[in-house]
Amino acid sequence: MTSKLDRLREMTVVVADTGDVEAVRRLKPHDCTTNPSLVLKAAGSDYFAATVDDTIRARSGEDPADIATALTVAVGAELTGIVPGRVSTEVDARLSFDTDASIDKAKRIVAAYEEQGVGRERLLIKLASTWEGIRAAERLQKDGIDCNLTLLFSMAQAKACADAGAFLISPFVGRITDWHKAAEGVKDYAPDDDPGVKSVRRIYEHYKASGIDTVVMGASFRNAAQVEALAGCDRLTISPELLQELHDDTGDLPRRLEPGAAGGRAEPIDESTFRWEMNEDAMATEKLAEGIRKFHADAMKLETLIAERTGK
């Protein structure tokens, strides 16, 4: 019988939110997305043990941050040999408010992949959806480097990313839901009432109605019901656990999002409007800041691991 995962693949590009090579091989996603926490897990796995040892040994005289980038690229390059599509690789979260530094780091990541024989057409550079990160993506896109704008929680961010010509955005479903549960004292939501699901649907509908080409990739899922409620979205990045759950389920999975016909371009959003709308959206402001802090904390854990191994 056909699984829900196979049905989902018929209407949505499925992306694996993991650096677990065995899970990627077993579940066969089209793309993979990584972040510092996933690279940290990969660095501690048996599969990447030799890669980690070789990379750290070869670069032992370098700064731990540079070695961490090399490890990230090594993991990503391995994943490009397994998935047919793209691998997302994240720019340091500490650069989220520095456009020029983000661009420089992105170009160095692309160059490192090219040294591994991986072309830019197989990559997406992940940047936090701050105003500065979005501006970095705008310039990188013009240089032929496709970007994935992550930590996206609001329509203001979605509009700015579209204006910048970003290749892809990653609106975070589960973290939006988490915030509303805590704020409203709600234990759970029905899928159609879930604030995270509703946010992605609104962004998707705005993009399609406005003829915006930027890909919408729902991310950060807490359960399979959230995934199913967004069936038909351009892409969905899903953890191995939820991918396996969908693989094991042979129930019906109807399409929930349809592209529809474009009715015209949307009005652009300027910086002052962007910052005001973010200021007025407590959830988006808090979750963006929290996400940057968490990504940075995981990056620091990875660098600490490297420093301990190199004696720095």
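The values are calculated or read from the model by the stated rules, or taken from the named source; none is laboratory data. Please read these numbers as outputs of a predicted model, since none were measured by experiment. For neighbour counting, all protein chains shown are included, and Cβ atoms are generated from backbone atoms with ideal geometry for every residue, glycine included. Heavy atoms of the whole protein, side chains included, go into the accessibility calculation; ligands, DNA and RNA do not. Shrake-Rupley method; radii C 1.70, N 1.55, O 1.52, S 1.80 Å.
Relative to the longest principal axis of the chain, what angle (0 to 90°, nearest 10) does the C-alpha long axis of helix 282-310 take?
Taking the Cα atoms of the chain, the angle to 282-310 is about 20 degrees.
Within the stretch 68-82, whose backbone N sits under 17 Å from a point 7 Å along Cα→Cβ of Arg309?
Of the residues in the stretch 68-82, 68-79 have backbone N under 17 Å from the label point off Arg309.
Give me the compactness ratio for the stretch 133-225, meaning the Cα radius of gyration over 2.2 N^0.38 Å.
In units of the globular-protein estimate, the stretch 133-225 measures up at 1.15.
Could you provide, to the nearest whole Å², the per residue accessible area of the stretch 1-149 with probe 1.4 Å?
Here the residues of the stretch 1-149 average 41 Å² of exposed surface.
Taking the 0 to 90 degree range and rounding to the nearest ten, how far is the long axis of helix 99-115 tilted relative to the main principal axis of the chain, both from C-alpha atoms?
60 degrees
For the chain, calculate the relative contact order in percent as a whole number, restricting contacts to Cα pairs under 8 Å that are 6 or more residues apart.
Computed over the chain, the figure is 23 percent.
Beta carbons within 10 angstrom, averaged per residue: use that to sort the peptides 255-266, 78-89, highest first.
Going by the mean number of other Cβ atoms within 10 Å, highest first, we get 78-89, 255-266.
Treat every Asp and Glu Cβ in the stretch 169-312 as -1 and every Lys and Arg Cβ as +1, leave all other atoms uncharged, and give the resulting dipole magnitude about the Cα centre to the nearest 20 debye.
380 debye
Compute the Kirkwood hydrodynamic radius of the stretch 1-70, taking the inverse of the mean of 1/r over all pairs of distinct Cα atoms, and give it in Å to one decimal.
About 14.0 Å for the stretch 1-70.
Output the peptides 133-143, 149-159 sorted from most to least packed, where packing is the average of other Cβ atoms within 10 Å over each peptide's residues.
149-159, 133-143
Quick one: compute a quarter of the convex hull surface over the Cα atoms of the stretch 72-146 and quote it in nm².
4.4 nm²
Nearest 20 debye, what's the magnitude of the dipole of the chain about its Cα centre given +1 on Lys and Arg Cβ and -1 on Asp and Glu Cβ?
200 debye
By a straight-distance test (C-alpha under 28 Å), which lysines pair with Lys107 as possible cross-link partners, with residues fewer than eight away in the same chain excluded?
Filter leaves Lys41, Lys126, Lys142, Lys159, Lys287, Lys294, Lys301, Lys312.
Nearest 10 degrees is fine. How inclined is helix 173-184 to the longest principal axis of the chain, computing both from alpha carbons?
The two axes meet at around 60 degrees.
Under the definition of Cα pairs under 8 Å and six or more residues apart, what whole-number percent is the relative contact order of the stretch 190-240?
Across the stretch 190-240, relative contact order equals 39 percent.
Checking the cross-link filter: which aspartates and glutamates have an alpha carbon closer than 13 Å to that of Lys187, excluding same-chain neighbours under 8 positions apart?
Asp178
Tell me, what ³J(HN,Hα) does each residue in the stretch 139-148 have, in order and in whole Hz, if you take phi through Karplus 6.51 cos²θ - 1.76 cosθ + 1.60 with θ = phi - 60° and put x for Gly and Pro?
With coefficients 6.51, -1.76 and 1.60, one gets 6, 5, 4, 5, 8, x, 10, 6, 10, 10 Hz.
Go through the stretch 185-198 residue by residue and turn each phi into a ³J(HN,Hα) via Karplus (6.51, -1.76, 1.60, θ = phi - 60°); whole Hz please, and just put x for glycine and proline.
In residue order, the calculated couplings are x, 9, 6, 7, 10, 5, x, 6, 9, 5, x, x, 4, 4 Hz.
If you average 1/r over all unlike Cα pairs in the stretch 1-159 and invert the result, what Kirkwood radius do you get in angstrom?
Answer for the stretch 1-159: a Kirkwood hydrodynamic radius of 16.4 Å.
Quick one: dipole size for the stretch 102-179, taken about the Cα centre, charges +1 on Lys/Arg Cβ and -1 on Asp/Glu Cβ, in debye to the nearest 20.
Around 60 debye, computed over the stretch 102-179.
Name the residues whose placed amide hydrogens come within less than 5 Å of the amide hydrogen of Leu152, ignoring near sequence neighbours (fewer than 5 apart) on the same chain.
Ser170, Phe172
For the stretch 164-302, list log₁₀ I(q)/I(0) at each q in 0.14, 0.15, 0.17 Å⁻¹, using the Debye formula over Cα point scatterers of equal strength and ignoring solvent, two decimals each.
-0.77, -0.88, -1.11
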